[in-house]
């Protein structure tokens with residue numbers, strides 16, 4: 001189940017009250033004072049931030065109204081200058097998040113924190129289970145809300161926190177959270193003699209549970225009606241909990257990372273450049289073309305939506321998480337200007353019996369809220385479109401379209417990003433364990449300590465990626481003038497293909513899907529197919545188009561993987577990885593030593609996004625930037641494993657195809 005329930009709130013004396021747990025979210029007579037006393041002061045976050053070399057990481061149970069978060073940031077900002085090259089990462093689990101309306105009302109009570117709360121309100125997601133990362137203050141602060149129960153949420157994290165806030169409703173009223181598995185996850189995600197913990201409860205079983213997993217407990221005087229509170233220090237290393245398959249284990253990040261060269265200036269490359277520069281890293285973005293986004297990322301418009309499976313899958317969760325993250329990034333860069341992007345919704349029409357069954361199955365599963373997707377009949381669909389269609393379908397109100405090149409132009413304006421065009425990289429040479437030399441076709445060399453290969457199908461031309469599991473899929477889109485205002489399209493429509501509302505007086509629709517041809521010339525047959533597919537779903541609109549006598553459109557090759565998920569992460573050394581895990585040929589359950597996979601140090605890849613780059617590239621870039629720098633990941637472990645480049649080597653070994 002993807003959808004979760006918002007918290008049932010009543011407002012008593014202007015204070016939010018949980019009707020399910022029969023308790024207030026904070027003390028109406030001094031909530032801020034209590035938060036500072038219980039959590040902020042014992043954690044000493046400002047001092048820890050000042051001493052940190054890379055970043056500060058705080059984990060919390062029970063986000064609620066966000067009061068602990070706001071007060072902690074305020075304490076740090078009062079003592080130090082928050083720097084984007086030393087960000088604060090705040091993770092907080094919440095099984096019953098406030099609705100956006102309740103969150104806004106609660107935020108109005110803390111006007112002193114409005115600079116942060118307004119940013120959160122602009123990026124606030126629907127009640128969708130999973131990870132939701134917010135970029136605040138253009139990158140100095142990262143809030144990651146884990147909409148799930150605390151145990152499940154933190155089972156999927158791999159970073160160790162500097163500080164833990166053990167909050168939430170009291171154990172007497174929320175016993176499901178305060179169970180042994182939670183304390184085990186807290187210990188697993190803590191650093192010996194470094195990680196501190198603060199909690200409002202001094203209940204005996206909570207103190208004993210913390211001691212059992214390695215915390216040294218100190219009882220402190222409470223405030224008001226609270227007689228005692230607890231602070232703790234993690235002092236006793238616990239045996240590790242085996243949660244990951246060994247081949248997904250990465251070596252420690254190269255330290256320090258100062259200069260990253262990115263090969264490929266399409267969506268994958270530009271979003272990766274932005275995510276790194278946002279953290280204060282110098283980036284050189286290289287591309288063989290005369291401008292950015294010249295290949296598959298160069299379509300005039302692309303549909304921004306996640307086609308959801310009838311039953312929730314990890315792939316579907318990744319795409320939905322990616323959509324929500326893309327919306328936040330587009331919002332931050334003010335892209336919803338009707339030229340760069342438009343959040344006009346996407347209508348997925350059921351144009352055949354198979355699609356009808358799939359949509360009915362999805363509705364029967366009831367896995368998604370109406371904020372994410374809802375069913376509409378043909379009449380409602382026609383009203384949403386602004387033109388007649390004979391088909392029912394699913395409407396995605398949060399989706400829309402994006403002009404990829406304009407989006408990327410906004411992303412790479414940071415002065416830390418240098419763009420070098422007409423620079424085709426033909427060879428990568430590792431000088432030592434820390435640096436790389438990039439050789440271009442014209443003899444120019446560039447040195448960098450870290451390299452990201454994000455040039456889609458061209459990655460295979462580099463020796464280190466000759467065996468990568470990707471395939472090229474030819475796609476052709478058609479362009480036509482939008483010269484009939486009475487049939488103006490109001491939403492993106494997907495059927496056998498897609499069409500977006502007109503931009504700059506032009507419609508863009510398609511696209512063909514061709515695994516057998518590689519040429520880049522426009523084909524009359526594909527043009528006719530695109531027009532026929534459009535006529536089937538939108539006969540009135542198609543009849544109004546004044547189609548030009550000559551072919552106009554664009555051809556490009558999507559870069560896709562066998563499982564249609566991207567390849568994002570460290571680059572495995574192909575032959576060494578095969579040798580390390582060769583016993584998988586005989587036994588897929590073979591137990592290997594707990595060693596990192598043989599990867600090229602300082603070499604990463606970000607490719608294989610297919611036709612979904614608008615929802616997968618931004619999130620993948622955020623994940624990759626964190627992987628490169630050793631920062632906390634924006635996605636759960638199982639999702640990171642699903643896009644890890646090593647996965648296909650392992651699958652082939654198990655299937656004995658290598």
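Details
- A helix-only calculation puts the chain at -8000 deg cm²/dmol for mean residue ellipticity at 222 nm, using -39500 (n - 2.57) for each DSSP H run of at least four residues, averaged over all residues.
- Global form of region 394-517, assessed from the alpha-carbon gyration tensor, a/c cut-off 1.5: prolate
- The chain: angle of helix 114-123 to the longest principal axis, Cα-based, in degrees nearest 10: 40 degrees
- Three-way shape call for region 294-395 based on the alpha-carbon gyration tensor, with the a/c threshold at 1.5: oblate
- Virtual spin-label span in nm between residue 194 and residue 595, 7 Å along Cα→Cβ: 2.5 nm
- Distribution of pairwise C-alpha distances over region 27-110, 10 Å bins, in %: 16, 46, 31, 6
- Mean Cβ count within 10 Å, highest first, over the residues of peptides 612-619, 382-389, 11-18, 501-508: 612-619, 382-389, 501-508, 11-18
- If the chain linking residue 338 and residue 437 were pulled fully straight, counting 0.36 nm for each residue of separation and taking away their Cα-Cα distance, it would gain 31.5 nm.
- Once the Cα gyration tensor of region 38-162 is diagonalised, semi-axes √(5λ) in Å: 22, 18, 13
- Largest to smallest principal axis extent of the C-alpha atoms in region 177-316, angstrom: 67, 44, 40
- Peptide ranges 578-587, 471-480, 513-522 listed from the most packed, as the mean C-beta count within 10 angstrom indicates: 471-480, 578-587, 513-522
- Pairwise label distance in nanometres, residue 576 with residue 52, each label 7 Å out on the Cα-Cβ vector: 3.1 nm
- Long-range Cα-Cα pairs in region 380-447 (distance over 15 Å), rounded percent: 74 percent
- Taking Cα atoms only, the orientation of helix 613-629 departs from the longest principal axis of the chain by about 40 degrees.
- Considering only the chain, percent of DSSP beta bridges that pair antiparallel, nearest 5: 65 percent
- For the peptides 278-287, 532-541, residues were scored by their other Cβ atoms within 10 Å and the scores averaged per peptide; the highest-first order is 278-287, 532-541.
- Prolate/oblate/rounded call for region 9-234, Cα gyration tensor, a/c under 1.5 rounded: rounded
- Kirkwood hydrodynamic radius of region 1-52, from inverse mean 1/r over distinct Cα pairs, in Å: 13.6 Å
- Tilt relative to the chain, helix 314-332 - C-alpha long axis, 0 to 90 degrees, to 10: 90 degrees
- For region 260-305, taking the reciprocal of the average inverse distance between every pair of different Cα atoms yields a Kirkwood hydrodynamic radius of 11.3 Å.
Computed from the coordinates by the stated procedures, all read-outs in this text should not be read as laboratory data. All values reported here derive from a predicted model rather than from experimental measurement. Here the Cβ is made from the backbone with ideal geometry for all residues, glycine too, and neighbour counts use every protein chain on show.
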